[in-house]
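A.B. asks: One structure is given below, represented as structure tokens, and several questions about it will come after.
Laboratory data are not the source of any read-out in this text; all were calculated from the coordinates shown. These figures come from a predicted structure and were not determined experimentally. All Cβ positions, glycine included, derive from the backbone under ideal geometry; neighbour counts span all protein chains shown.
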Amino acid sequence: MTTTPKSEKDRVFIFDTTLRDGEQCPGATMTFEEKLEIAEMLDDMGVDIIEAGFPISSEGDFEAVHEIAKRSKKAVIAGLGRVNPKDIDRCAEAVKPAGDRARVHMVIATSPLHMRVKLNMTPEQVIDASVAGVTRARNMVSNVEWSAEDATRSDIDFLCRITEAVIKAGATTVNLPDTVGYTTPEEYTRMFRTIRERVPNSDQAIFSVHCHNDLGMAVANTLAGLDGGARQIECTINGIGERAGNAALEEVVMAINVRNDKFPYWNNIDPTTLTRASKVVSAATSFPVQYNKAIVGRNAFAHESGIHQDGVLKDASTYEIMTPASVGLKHSSIVLGKHSGRHAFVHRLEELGYKLGKNQIEDAFIRMKALADRKKDIYDEDIEALVDQEIIQAHD
Ligand code: KIV
Ligand code: ZN
């Protein structure tokens, strides 16, 4: 098999913020031990940058970021703060044990609404504070990310000016978030393209996407940002995060893998770790994963209707665009219910070790359908009961 060499220009860095933006969603608080376990897992999965927390927000967050920075093996460890000196110093101290893999990430809002209502600052003051923040952080670490909160509702000329200024001050990554999940794919691509074209020093920083899911477009917008030239993706396991959540890591990674013809990028994530990662994060946060969630939901590889089951049993690619194994799932499941056909029923009988005659199968199938009308799901015990009844009747 020949493999195409991977070009550095198509490399996408995966920045996981499950432990920061993910933990910010109501009810998803994790314990210190859970955070360490998740950070270790993310590191092993091939995540490039782990945002481990918001060090100034609490003593517990500081300790978690600090310990994760100590224990990390490969990933860059980032902490988040605002652009003020106290936040930056605390953040730099927390990530310090990661050595040359330590990143300070700072954020300030750039939209007219946020600057006026929330910050009570003029655009010039926001530029000055950002430049001062980046300069300060660069005196402590070589890896500095600056984020323009609410970038997608910001004035494009202002975004260009502030981006140029923070890169000049030493920002190595510039993140332009869709903080409120407002943008559209086409708009997000254009924003990155325009800024990269108009900012003279734009090639000195990596541009980053960070999308929220308020209109259900976080993953589509994330991928669109890559088309505009961004090369860092900020995302979370299971898409947990503020309000409707963030772009889901597993969805972004598999969209790139499955539709590499459309998204010709590569990253370091081992996709066979995705199913386990989803379970670990769901257990730690007590956040259930919705049944129909793409990639990792209980139904993502389950087939109930007769037409689909028949197709999958003949050749799984009829209704599966990726194999369960490619995301670390042992096998897809054929769920028996009122929409199921004979083919799937016989298949399940064989799997359970039954060899019935044609008439017995027909009888048991009719009774399975009747049962499915009353009871939503048919379990193996139900089938066993149906078949045992069938066998008893045949002996009478
Ligand atoms: O959504 C957002 O704008 C953020 C920033 C802190 C990056 O989470
Ligand atoms: Zn966010």
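A.B. asks: Suppose the Debye formula is applied to equal point scatterers at every Cα of the range 350-390; what is log10 I(q)/I(0) at q = 0.22, 0.35 Å⁻¹?
C.D. replies: -0.68, -1.32
A.B. asks: I would also like to ask the following. May I ask for the percentage of alpha-carbon pairs in the range 1-44 that lie more than 17 Å from each other?
C.D. replies: The answer is 51 percent, as a whole percent.
A.B. asks: In whole angstrom, how long is each semi-axis of the equivalent ellipsoid of the chain, when you take the square root of 5 times every eigenvalue of its Cα gyration tensor and sort them from largest down?
C.D. replies: Working from the Cα gyration tensor, I get semi-axes of 49, 21, 18 Å.
A.B. asks: Below 8 Å, C-alpha to C-alpha, sequence gap of six or more: please give me the relative contact order for the range 1-160 in percent.
C.D. replies: After rounding, I find 17 percent.
A.B. asks: Shifting gears a bit: Round to the nearest 0.05 the FRET efficiency obtained for Glu33 and Ser333 when R0 = 45 Å and r is the Cβ-Cβ distance.
C.D. replies: Calculated value: 0.90.
A.B. asks: May I pose another question? Setting aside same-chain residues fewer than 8 positions from Lys70, which lysines have a Cα under 28 Å from its Cα?
C.D. replies: Lys35, Lys86, Lys96, Lys279
A.B. asks: In Å, what Kirkwood hydrodynamic radius results for the range 140-226 from the alpha-carbon pair distances?
C.D. replies: By the Kirkwood definition, the hydrodynamic radius is 12.8 Å.
A.B. asks: Counting DSSP beta bridges with both partners in the chain, what percentage is antiparallel, nearest 5?
C.D. replies: 5
A.B. asks: Pop out the ³J(HN,Hα) list for the range 151-161 in order, Karplus 6.51 cos²θ - 1.76 cosθ + 1.60 with θ = phi - 60°, rounded to Hz; leave Gly and Pro as x.
C.D. replies: 4, 6, 10, 9, 6, 5, 5, 5, 4, 5, 5
A.B. asks: Moving to a separate point now. Convert 10 °C to kelvin, take the viscosity as 1.306 mPa s, use the Kirkwood radius over C-alpha pairs of the range 315-367 as Rh, and evaluate the Stokes-Einstein diffusion coefficient in µm²/s, rounded to a whole number.
C.D. replies: Stokes-Einstein gives a translational diffusion coefficient of 124 µm²/s.
A.B. asks: Two decimals is fine: what is log10 I(q)/I(0) at q = 0.10, 0.11 Å⁻¹ for the range 1-142, from a Debye sum with one equal scatterer on every Cα and no solvent?
C.D. replies: -0.39, -0.46
A.B. asks: Round to the nearest 0.05 the FRET efficiency obtained for Asp261 and Asp203 when R0 = 25 Å and r is the Cβ-Cβ distance.
C.D. replies: Approximately 0.40, to the nearest 0.05.
A.B. asks: Quick one: length gained pulling Arg71 to Ala370 fully straight, 0.36 nm per residue minus the C-alpha distance?
C.D. replies: Result: 102.0 nm gained on full extension.
A.B. asks: For an R0 of 56 angstrom, estimate the FRET efficiency from the Cβ-Cβ distance between Asp315 and Glu63 and round to the nearest 0.05.
C.D. replies: Working from the Cβ atoms, E equals 0.60.
A.B. asks: Sticking with this structure for a sec: Which chymotrypsin sites (Phe, Trp or Tyr not before Pro) in the range 208-305 pass both tests, a DSSP loop state and at most 16 other beta-carbon atoms within 10 Å?
C.D. replies: Tyr291
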